[in-house]
Amino acid sequence: MSAAHGGRPAAPPRLSVVIPTYNRCGLLAKLLGQLAAQRLPRDEFEVIVCDDGSSDATAETVESFAGQLHLKYHFQEDLGFRAGVARNAGAKLAAAPILVFIDTGAMIGPGFLEHHLAAHDDEPCAVVGYAYGYNPEDPMPGLADMLESATPEQVILALRDEPAFRDVRHDALAQCGFDLNRRAVPWSFFWTSNCSMRVADFWGIGGFDELYHGWGVEDLEFAFRIFKRGLPFRFLRDAWHIEWPHERDIEGNWQSFQHNMDLFLDRYREPVVEIGRTLVHKLELWTWDDDYRHLCDLRDGIAEPGAGAELRDLAGRLGPDEQVAVFGAGDDIPDELATAVLFEFDRAVLDRALADGTHRGHHAIGLRTPLDDGSVDRVLLTSRLAGLWTRWGADLLAEARRIGRRAPLFDESVLGDRP
């Protein structure tokens with residue numbers, strides 16, 4: 001269900017601001033008030049509130065701003081947390097060439113929309129803004145009280161230099177000069193609580209994947225496709241917001257995050273996603289960029305792409321007719337392993353290994369494979385994994401034991417008897 005409030009701009013708007021929301025009418029009122037106070041003239045933007053099934057006064061709150069903003073309101077049935085579905089619904093209603101996504105709990109200053117608009121004056125890009133006060137697992141004490149009694153600009157002036165007030169990504173971003181494109185996994189920091197892009201690029205990658213329900217991943221997967229499209233990222237510190245602290249189900253959010261990362265990996269069987277999925281299941285995340293950069297350096301530094309002699313030796317230790325998978329397969333697969341399922345982290349090497357059509361293979365490290373439990377007799381692990389063994393050896397062995405009915409085989413003189 002969709003409705004318009006506040007009339008239409010005299011000319012097509014330059015920005016469409018999309019706000020997904022659910023039962024947060026009080027914070028929504030504050031955000032709409034801040035949008036009404038933007039320096040950007042009212043006729044140059046529209047606001048689209050996408051209600052994910054609220055049962056509070058969200059609809060009435062939107063209607064109360066009809067005289068101050070050009071508003072559209074979309075309501076969808078409450079079928080659980082469906083932020084991606086809500087954002088897509090808002091984008092379908094947009095009349096402007098540029099979309100700005102902002103979450104309900106974001107408090108903004110009067111120049112917020114001007115900065116997002118100016119960022120799109122030149123080449124197409126995907127813009128992400130700075131999130132003061134966003135640290136879900138360690139919220140800043142007293143921040144909510146300060147936001148109740150002061151404007152966002154006043155809060156910024158008072159707390160700007162407080163480490164606890166900084167964007168939780170700040171230190172990592174400072175290491176790359178706040179240039180996301182210098183990171184190995186730039187899209188991992190593209191959070192849709194505050195971002196913008198051109199409508200053509202949004203629909204060019206298909207919008208948000210509506211497969212993802214619950215908390216987490218719909219923005220990561222969306223940004224992954226932005227990256228695949230070749231669209232550069234731009235981190236905009238001037239387009240800041242302050243995250244209003246609120247209670248969160250941290251344990252439930254992590255569980256949802258893990259489930260959705262499994263779906264992400266099922267869609268995109270690539271080492272970078274495989275690493276991210278593994279980290280999330282270990283309740284880690286912040287080493288993703290370093291871990292993937294290390295893999296890329298290792299991949300580019302290995303002089304010998306094959307492990308044929310090693311695999312022949314390991315094949316000699318197999319029983320008759322054993323079905324195997326190979327982690328770190330390389331491109332020299334002996335005839336004794338003609339039916340093996342290959343897992344190789346270097347795409348070019350894998351392509352050569354599969355060129356004759358004999359084998360099945362996957363572009364993967366082996367941290368989490370698509371194979372079912374006990375689906376092969378054994379897993380063979382080669383020395384191509386040596387540079388990853390200290391970091392990932394325990395995870396590789398755990399996966400080998402999950403899919404293999406018997407103990408994995410590897411050269412202990414190369415990989416060691418344990419990670």
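The values are calculated or read from the model by the stated rules, or taken from the named source; none is laboratory data. If you're wondering where the values come from, they're calculated on a predicted model, not measured in any experiment. Glycine also receives a Cβ, built like all others from the backbone with ideal geometry; neighbour counts cover every protein chain displayed.
Scan the range 181-198 and tell me whether some residue there is part of a strand (DSSP E or B) and either outside the structural domain of A37 (by TED's automatic domain parsing) or among the hydroxyl-bearing types (S, T, Y) (or both).
Filtering the range 181-198 down to residues part of a strand (DSSP E or B) leaves 194-198.
Checking the rest, the ones that are also either outside the structural domain of A37 (by TED's automatic domain parsing) or among the hydroxyl-bearing types (S, T, Y) (or both) come to 196.
The answer is yes; a qualifying residue exists.
For the range 187-199, give me each residue that is surrounded by fewer than 20 Cβ atoms within 10 Å (Cβ to Cβ) and among the hydrophobic types (A, V, I, L, M, F, W, C).
W191, V199, listed by residue number.
Residues being modelled with pLDDT of 95 or more, in a loop (DSSP other than H, G, I, E, B) and out of contact with any helix residue (DSSP H, G or I) (no Cβ under 7 Å at 6 or more places or on another chain): count how many of those fall in the range 124-165.
3
So, of the residues in the range 200-242 that are over 30 Å from P141 (Cβ atoms) and aromatic (F, W, Y), which turns out to be surrounded by the fewest Cβ atoms within 10 Å (Cβ to Cβ)?
For the range 200-242, the residue satisfying everything is W203.
What residue, of A184, A150, A158, A131, is surrounded by fewer than 18 Cβ atoms within 10 Å (Cβ to Cβ) and within 18 Å of Q34 (Cα to Cα)?
Every option except A150 fails the conditions.
Of (1) closer than 27 Å to G393 by Cα; (2) in a helix (DSSP H, G or I), N253 satisfies all except one. Which?
(1)
Which one of R248, R277, R229 is within 30 Å of G361 (Cβ to Cβ) and in the same structural domain as P110 (by TED's automatic domain parsing)?
Going through R248, R277, R229 in turn, just one is within 30 Å of G361 (Cβ to Cβ) and in the same structural domain as P110 (by TED's automatic domain parsing): R229.
Here is a yes/no grid of residues against (1) of a type in the set (D, E, K, R); (2) surrounded by 19 or more Cβ atoms within 10 Å (Cβ to Cβ); (3) in contact with a helix residue (DSSP H, G or I) (Cβ under 9 Å, 6 or more places away or on another chain):
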| residue | (1), (2), (3) |
| --- | --- |
| V18 | no, yes, yes |
| L31 | no, yes, no |
| C50 | no, yes, yes |
| T58 | no, yes, yes |
| T61 | no, yes, yes |
| Y73 | no, yes, yes |
| D78 | yes, no, no |
| L93 | no, no, no |
| G109 | no, yes, yes |
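Identify, from the list A329, A325, A307, the residue that is modelled with pLDDT under 95, hydrophobic (A, V, I, L, M, F, W, C), more than 13 Å from the chain's Cα centre (by Cα) and over 18 Å from E218 (Cβ atoms). Before the answer, list the steps.
Working: A329 fails: modelled with pLDDT under 95; A325 fails: modelled with pLDDT under 95.
Going through A329, A325, A307 in turn, the sole match is A307.
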